[in-house]
1. For A135, state whether it is more than 18 Å from S73 (Cα to Cα), assigned to a helix (DSSP H, G or I) and either more than 15 Å from the ligand (Cβ to nearest atom) or not polar (S, T, N, Q) (or both).
2. What are the pairs, 6+ residues apart or on separate chains, where a residue within the stretch 353-379 that is in contact (Cβ under 8 Å) with a residue 60 or more places away in the chain and farther than 10 Å from L208 by Cα has its Cβ under 9 Å from a residue that is near the ligand (Cβ under 9 Å from one of its atoms) and acidic (D, E)?
3. Grab the helices (runs of 4 or more DSSP H) fully contained in the stretch 264-376, keeping just those with 3 or more residues being more than 30 Å from A29 (Cα to Cα), at pLDDT 95 or above and out of contact with any helix residue (DSSP H, G or I) (no Cβ under 6 Å at 6 or more places or on another chain).
4. Would you confirm, using the coordinates I've provided, whether A188 is within 25 Å of Y157 (Cβ to Cβ), within 20 Å of the chain's Cα centre (by Cα) and of a type in the set (G, A, S)?
5. Output the number of the condition that P348 fails; it satisfies all remaining conditions of (1) surrounded by fewer than 20 Cβ atoms within 10 Å (Cβ to Cβ); (2) touching a Leu at 6+ places or on another chain (Cβ under 8 Å).
6. Does I92 fit the bill of being more than 16 Å from the ligand (Cβ to nearest atom), surrounded by fewer than 16 Cβ atoms within 10 Å (Cβ to Cβ) and among the hydrophobic types (A, V, I, L, M, F, W, C)?
7. I'm trying to understand the selection: among the residues of the stretch 302-329, which are buried (at least 19 other Cβ atoms within 10 Å of the Cβ) and either polar (S, T, N, Q) or more than 14 Å from the ligand (Cβ to nearest atom) (or both)?
8. Tell me the residue from Q91, Q108, Q147 that is more than 24 Å from I54 (Cβ to Cβ) and more than 40 Å from the chain's Cα centre (by Cα), please.
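The values are calculated or read from the model by the stated rules, or taken from the named source; none is laboratory data. Note that this is a predicted model, so its numbers are computed, not measured. Don't worry about glycine lacking a Cβ; one is built from the backbone with ideal geometry, like all the others, and counts go over all protein chains shown.
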Amino acid sequence: MSEGAVKKEERRRFQAIKGTRDLLPPETALWNRVEQTAHEVFGTFGYGEIRLPIFEPTDLFARSIGLDTDVVSKEMYSFPDPLDRYERAAQILSTPSKIAGYFGMDQQQRANAVQKELETLPAAEWVTLRPEATASVCRAYIEHNMQQGPQPVKLYYIGPMFRRERPQKGRYRQFYQIGAEILGGTDAPAIDAEVIEMVMTFFERLELQGVQLDVNSIGCRECRPKYVEKLRAELVKVKDKLGADSQRRIETNPLRVLDSKLEHEQPIIEKLPRIADHLCEDCKAHYAAVKKELQLRGVEYQENWRLVRGLDYYMRTTFEITAKGLGSQNAVCGGGRYDGLVELLGGPPTKGIGFAIGEDRLILSLQESGKGAAAQGRDVYIAWMGENARATAVRAAKSLRNAGFSVELPPVEQKFGKALGQADKLGARFALILGDNEVASGEWTLKTLATGEQGKFTEMKLLEFLQTEK
Ligand code: AMP
């Protein structure tokens with residue numbers, strides 16, 4: 001390689017990986033407002049925050065989400081995590097039958113035997129960047145024996161998820177979800193309705209526009225398999241008219257055909273048998289009661305028999321919420337009941353229901369409808385000149401910040417004209433002007449930048465005035 005090429009290589013400019021992005025100020029102020037509102041609203045419904053690991057054993061997701069789903073079959077970021085010698089040795093030595101075999105060996109023989117064993121053990125465990133968090137919440141519920149405390153357990157989380165999808169507007173490879181789960185206790189329909197009411201309250205508080213709630217019931221382990229077989233039988237009859245994806249799903253996951261957005265498949269899908277006509281008595285009653293409970297709470301919804309959701313673990317109630325300004329990726333929230341999931345992951349039989357909100361899309365929708373204004377700029381820009389004023393400026397900045405104002409204190413002296421220009425550029429509301437006169441008299445000059453009005457204040461009066469302007 002020539003010297004020039006090396007230099008060029010050294011100067012490589014890095015860019016964020018496809019499908020990931022930086023969130024920058026002032027937009028991050030909006031993210032914080034959204035998350036703060038989630039903490040507040042979910043808190044009023046009695047939910048506590050859970051913070052989970054970003055990566056988990058691959059098997060946790062494979063088992064819970066389902067092998068035939070897009071998420072598990074093609075979208076997970078998984079990698080082998082090498083076990084160290086200590087972990088591998090611990091695996092051998094924790095097996096009583098193995099230990100028994102080492103009795104009677106001398107130290108060297110034992111070392112050789114362990115060494116041999118080490119070579120036969122798997123060198124790595126597969127781990128995955130979490131594509132969603134419901135499985136992790138269930139894992140944590142089991143791991144911390146939460147079923148032994150008061151039920152139900154109400155938890156929410158906020159954080160990044162990872163799926164290797166084709167990036168587009170509203171679809172990223174690293175995206176953020178705000179979700180909640182309610183585990184244990186009963187599956188009373190009021191629980192389903194209250195979870196939905198909580199999301200709708202959250203969206204209302206944020207003034208999200210064009211919100212539409214779709215609900216459905218996809219039955220239980222009793223009635224759903226019978227319906228799926230009926231659906232499969234009907235799909236086989238029209239197989240030739242379907243696209244490749246749907247043809248494949250007839251075998252792997254016929255319910256997912258109902259998700260299809262392909263134009264030419266729509267008239268075919270409309271004629272397929274509908275799950276509402278095949279629910280067992282218990283599921284039918286549960287679904288009817290959920291709808292009644294929603295009405296009781298004044299939550300508007302529409303029924304959508306094609307809403308089956310992409311993940312395997314759902315049963316009975318499913319719901320999805322769409323919002324304005326998102327184009328084709330308009331789902332901001334998806335959720336549903338998953339009563340068998342904790343058991344599937346090795347825990348006791350446990351009722352469960354939850355949802356996940358796509359925070360990126362929620363933010364996009366708020367911005368598109370003009371509800372995403374984020375605080376920018378500073379409250380006060382301190383324009384100071386002269387060595388005497390420097391000390392006063394530092395003290396003023398400290399007391400204003402302690403009182404909760406956002407303050408910009410220029411690190412080096414500037415002419416007043418330049419300082420005021422800078423204050424304008426930063427979007428400051430006020431400029432505090434400190435020169436020799438102000439320091440000598442103890443009367444500081446405050447300029448309101450929008451109007452150009454000026455006034456003189458002592459330090460205490462200044463604080464009082466600014467408090468009333470907050
Ligand atoms: P799911 O976990 O698939 O039920 O998704 C729940 C919500 O997360 C969806 O309604 C979307 O708002 C959001 N979401 C899912 N995948 C992505 C993605 N790749 N990029 C951005 N948001 C996503």
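1. So A135 fails the test.
2. The qualifying pairs are A356/E132.
3. Result: 281-296.
4. no
5. (2)
6. So I92 does not fit the description; no.
7. M315, R316, T317, T318
8. It is Q108.
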